[in-house]
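Everything below concerns the one structure shown next.
Bear in mind these aren't lab numbers, they're just calculated from the coordinates by the rules spelled out. This structure is a prediction, so every number in the text was calculated from the model and none was measured. Don't worry about glycine lacking a Cβ; one is built from the backbone with ideal geometry, like all the others, and counts go over all protein chains shown.
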Amino acid sequence: MTSVSSATSASGTSASSAASDSLMGNYDLFLSILTTQVQNQDPLNPMDSSEYTTQLVQYSSVEQSIQTNKYLEQLVSSMAANQASSYVNYLGSTVTASGSTAMLEDGNANWSYNVAEDATGTVTIKNSNGATVYSGDVSLAKGTGTYSWDGLGSSGNSPDGAYTISFDLKNSAGNSILAKTEVSGKVDEVDLSGDTPYLKVGNVSIPVTSVQSVSS
């Protein structure tokens, strides 16, 4: 089943709307103060009319800035909605992304890896609780390859679910070698509830920013 989840705001009041309401609420006060200035000025040394004009212009500038911000918020909101709609296109597609967590399904889990040179060492696989379910020796050839696991661990067959892999490798000279890992799977849910959109492949959450390829 494919689905899309997103967060909705309980209040539709934006920052610019709140600022506008506050400004209009203080407008009468502003005029009252300005009128009081006129009524109580020294008749022998009245305030220059240009100063009144300056105050009115400043107030108007604030109002215009708030209105501009309101338009910008509407534009950003529209762009975000369009971008969110584009994420829906991931549903049902197979994505490949950088990461170390893959789904074990029907006794099969696969991770793509890349190493800069031939390396040997150990591989460790942990379940979603962080417990080690498998550990063993491994030898990886230089370049890109696929590591497959049949779900058989120290306690027998492991149940389907999300598993995380890690490699501890060294080259022929005994220097540590980093193995970059990737995961692939079909997207069945798009999570838009946070700042970063996530694609769900089974129980694995993949940030959109880590996706490297998409295929139908």
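General remarks:
- Here the alpha carbons of segment 86-169 define both size measures, Rg and Dmax, at 14.1, 43 Å.
- Taking the fewest neighbouring Cβ atoms within 10 Å as the starting point, the ordered list for Val201, Val95 is Val95, Val201.
- Cα convex hull of segment 111-216 - mean projected area over all directions, nm²: 8.1
- A straight Cα-to-Cα reach below 20 Å connects Lys170 with the lysines Lys142, Lys180, residues fewer than 8 places away in its own chain not being considered.
- The order of Asp191, Asp168, going from fewest to most other C-beta atoms within 10 Å of their C-beta, is Asp168, Asp191.
- When Trp111, Trp149 are sorted by how many other C-beta atoms sit within 10 angstrom of their C-beta, beginning with the fewest, the order is Trp149, Trp111.
- Taken along the Cα-to-beta-carbon direction at a fixed 7 Å, the label points for Asp188 and Ser139 span 3.8 nm.
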